[in-house]
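Report on the following structure.
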Amino acid sequence: YLKISKLALAFAIIHSKPPGKSSKEYTEYLAKAVSKQDSGWKWKVEVLEAEVLRLRQELLLTRISPRFCLENRKQDTSAETLLGRDPTSYSSQLEDSGCDVCNDSAFDSLGIASDFHRSEHNVNTSKHWLERVPPLNLCHTSKEESLTAPVQFFQRLLEIRKLSEGGILQADFSELENDSFTLSNSVSQLLDGLIVFYNSPKFPAPSFLTEGVCVLISLITDTKLSNQVLKKCFKKMEEFKKNLIQIILRNRSVNRFQALHSVSQTLSLLGRNNILRNSLISLLLSEVRQFAEQLLQ
């Protein structure tokens, strides 16, 4: 059947080819046309998949805390308000001499360290939480904007957690067990987005990259949410740590120290979690062992 189909296709191409074009040229032209159609369909599928995940995230948040989602629908805050940041605050770190840094200035230039420490000390569980979390708006077209999707979802989840601890909201986090698909896919989306930007860092760092790291650290340091995330996404988290280590080891650009310092600080923050710390040390020792073997050879 396959041979007959190929033969029929060959005859169809030969009979339909325009004058002045060989069968081979016409076949290549048709192949390119079909390839373009395939890429268009792939893009449409990705957009639809992102929309499905967005709807599943909204549904999961509603199941966990209906009141929280009702309050947030009344808010008029845009994602740009939350994620926008004054770029002038990073101007002092725009130039990298190519020399290594021995302090935290490069990491602070990303805004990650200071933001994370601020979030650790922020224990206000008033309705201010509800006012500052933007409505979910996750259908984006660019890779940069796509990182804001999981960030917004997990920000909302963390706010629900804080409000429920303060007795302001009632929340049922057992729903996370019932919808492992949404949780694991959201974590994967966040980790993949972070790797994309760590591979091609920009200075000043985009504000949503800072938000993404802060959200990730908050997830794995929160005792209740951390168990859920690591239970469903431990392998993905291990892959993320391996990728960060490889980014540090393989980067050979002249002005690399500022970016690599931020990556190493992210690894340090991940190591605050007891479970991740053990596996992270194992990964680092494995790299040291491989390097030692290379030197011996």
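Short version: ³J(HN,Hα) in whole Hz for each residue of the stretch 223-238, in order, from phi by Karplus 6.51 cos²θ - 1.76 cosθ + 1.60 (θ = phi - 60°), x for Gly and Pro, what are they?
Values per residue, Gly and Pro as x: 4, 6, 6, 4, 4, 5, 5, 5, 5, 8, 10, 5, 5, 5, 5, 5 Hz.
I'm checking a number: the convex hull volume of the Cα atoms of the stretch 154-197, normalised per residue, in Å³. What is it?
Residue-normalised Cα hull volume stands at 66 Å³.
On the principal axes of its Cα set, how long, how wide and how thick is the stretch 1-56? Give whole Å, largest value first.
On the principal axes, the stretch 1-56 reaches 51, 30, 12 Å in Cα extent.
Accessible area of the stretch 1-56 with a 1.4 Å probe: how many percent of it is carbon plus sulfur?
The value for the stretch 1-56 is 67 percent carbon and sulfur by accessible area.
Could you derive backbone 3J(HN,Hα) for the stretch 25-30 from the dihedral phi with the Karplus parameters 6.51, -1.76 and 1.60 (θ = phi - 60°), listing whole Hz in sequence and x where the residue is Gly or Pro?
4, 5, 5, 5, 5, 5
What lysines does residue 24 reach when the alpha-carbon gap must be under 17 Å and sequence neighbours fewer than 8 apart in one chain are set aside?
Once the sequence-local lysines are set aside, what remains near residue 24 is 6, 32.
May I ask for the net charge around residue 184, where only other residues with Cβ less than 9 Å from the Cβ of residue 184 are counted and Lys, Arg are +1 while Asp, Glu are -1?
So the environment of residue 184 carries a net charge of +2.
Please list the radius of gyration and Dmax for the stretch 147-296, considering alpha-carbon atoms only, with Å as the unit.
16.8, 61
Based on the mean of other Cβ atoms within 10 Å per residue, sort peptides 155-164, 232-241 so the most packed one is first.
Final packing ranking: 155-164, 232-241.
The values are calculated or read from the model by the stated rules, or taken from the named source; none is laboratory data. What you see is a predicted model, and the numbers here were worked out from it, not measured in a lab. Please note: Cβ atoms are built from the backbone with ideal geometry, for glycine as well, and neighbour counts cover all protein chains shown. Each accessible area value is taken on the protein alone, full model and side chains, heavy atoms only, with ligands, DNA and RNA left out. Shrake-Rupley method; radii C 1.70, N 1.55, O 1.52, S 1.80 Å.
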